[in-house]
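Step one of this worksheet: look at the structure below.
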Amino acid sequence: MKSIALLGSTGSIGTQTLDVIKQNPDRLRVAALAARSNDVLMEEQIRTFKPKLAALSDPEAALRLKKRYHGPTEILAGEEGIMAAASCAEADTVLGAMVGYAGLKPTLAAVRAGKDLALANKETLVAAGSLVLDAVRRAGVKLTPVDSEHSAIFQCLQGSRHGEMARILLTASGGPFRGRKREELAHVTVAQCLQHPTWSMGTKVTIDSSTLANKGLEVIEAHWLFAAGYDQIVPVVHPQSIVHSLVEYKDGAVMAQLGAPDMRLPIQYALSWPERWDSHFRTLDLLSCGPLTFEAPDTDVFRCLPLAIECGRRGGTLPCIFNAANEVAVAAFIKGRLTFLGIADLIARTLDAMTPAFDLTYETIVETDRKARETAQRIAASMEEV
């Protein structure tokens, strides 16, 4: 029986993780839940899964929950509550599904507490990949990927020597605007961005998918997870989202992992590995899924992808700066303060405005993230005034 602390329990990955847990009651149980501010859904989750503790980072939301709930689960608030959930003594595995850079500190806390880590929070590795992997090695814990693409790569590498890998072919759906010209995207709305053709995801990751920033973040994530050089990681657009990624070996063999576009499948594998459990979710029917196609991404139109890869190649704090600027840009776009095309422009201008550091410590990452956000917000304000 694995005992899970779920960080980001009220988001898309979090709720789907609870679906997996519900379908495997003899194998999985919930020790702790943590989320940002959705106290109503958190209360439902507490009553269903009965964790030892639950935390909301928003103190007002935690207070509302405390006024309504008087059961045995301990209700905690703020950053201290999130950290307590991440290092909960009753948990042996932490599934990190918090959105964005906010996942870094609790992820490190979980590893340092000796918890195995199932990681869906790609921004943690983007901002501080070397620090996280160093912590994982020192603690001697397991790290399994949750993202569908990285789960696919992880599965394709099973039983093979790392040195035999030639390339990773990292698939991307292309998002809702695949094939559009730059001028066609000038007046794209948030609602249009959220009409993803194959996946059901949270707001932030769906917008990142529409700009291909998400794929840039995933290239950096793959670099850290699989010790792959950036020349070895090739993004490939696959609109059907059936082939979740591929690994090409030195002898020319290409291994692919296929499955229905359902995040519960890689979530379950991250929690079951090295075993495979029966699936209670939809499975793939090759005879009805239609033709499978592949194409190169349009990096002239979707500039976030090459910007992210270049940051990864140059290293240091540049990926952290990219991530912070992207989070600010997406938030401004959602609020109507920035255009869709302005997202990439804001990221590029933030990168140009900052001097990267290459001697990485946790303190350096924290300070870089703070400065990058301040810089991006200042630039966003100037773009809004134009």
Legend entry - 3J(HN,Hα) from dihedral phi, region 167-178, Karplus parametrisation 6.51/-1.76/1.60, rounded to Hz, x for glycine, proline: 8, 9, 9, 8, 7, 9, 5, x, x, x, 10, 3
Inset, instruction - Using Cα pairs closer than 8 Å and at least 6 residues apart in sequence, work out the relative contact order for the chain, in percent. - result: 14
Inset, instruction - Taking H placed 1.01 Å from N in the peptide plane, check which residues at least 5 places from Val236 or on another chain put their amide H under 5 Å from its amide H. - result: Leu170, Thr171, Ala172
Inset, instruction - Just order 23-31, 186-194 by mean Cβ neighbour count inside 10 Å, highest at the front, would you? - result: 23-31, 186-194
Inset, instruction - If a/c stays under 1.5 just call it rounded; otherwise compare a/b with b/c (prolate if a/b is bigger, oblate if not). Do that for the chain, with a ≥ b ≥ c from the square roots of the Cα gyration tensor eigenvalues. - result: rounded
Legend entry - Accessible solvent surface per residue of the chain, calculated while the other protein chains remain in place, 1.4 angstrom probe, Å²: 43
Inset, instruction - Before anything else, pin down the relative contact order of region 275-386: Cα pairs under 8 Å, at least 6 apart, normalised by residue count, whole percent. - result: 28
Inset, instruction - Rounded to the nearest Å, what's the spacing between the alpha carbon centres of region 174-210 and region 245-293? Just the number, please. - result: 24
Legend entry - Inter-part distance where region 321-386 and region 1-59 are each reduced to a Cα centre, Å: 32
Legend entry - CD proxy at 222 nm, helix term only [per DSSP H run n ≥ 4: -39500 (n - 2.57); per residue of the chain; nearest 500]: -14500 deg cm²/dmol
Inset, instruction - Report the charge-dipole magnitude of the chain in Debye, nearest 20, computed about the Cα centre from +1 at each Lys and Arg Cβ and -1 at each Asp and Glu Cβ. - result: 640
Legend entry - Rough spin-label spacing in nm, given labels placed 7 Å along Cα→Cβ, for Arg337 and Ala357: 2.6
Inset, instruction - Let me have the relative contact order for region 54-163, percent, based on Cα pairs under 8 Å that are six or more residues apart. - result: 19
Inset, instruction - Can you send over the solvent-accessible area of Lys22, 1.4 Å probe, protein chains only, in Å² to the nearest 10? - result: 120
Legend entry - Accessible surface, 1.4 Å probe, highest first, among residues Leu346, Leu131: Leu131, Leu346
Inset, instruction - May I ask you to give the percent of accessible area on region 133-219 that is carbon plus sulfur, with a probe radius of 1.4 Å? - result: 47
Inset, instruction - May I ask you to give the percent of accessible area on region 262-385 that is carbon plus sulfur, with a probe radius of 1.4 Å? - result: 51
Inset, instruction - Assuming R0 = 22 Å, can you tell me the calculated FRET efficiency for the pair His280 and Leu258, based on Cβ-Cβ distance, to the nearest 0.05? - result: 0.70
Legend entry - Cα-based shape type of region 101-155, given that a ≥ b ≥ c are square roots of the gyration tensor eigenvalues and the cut on a/c is 1.5: oblate
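The values are calculated or read from the model by the stated rules, or taken from the named source; none is laboratory data. Here the structure is a predicted model, which means the values were calculated and not measured. Don't worry about glycine lacking a Cβ; one is built from the backbone with ideal geometry, like all the others, and counts go over all protein chains shown. Heavy atoms of the whole protein, side chains included, go into the accessibility calculation; ligands, DNA and RNA do not. Shrake-Rupley method; radii C 1.70, N 1.55, O 1.52, S 1.80 Å.
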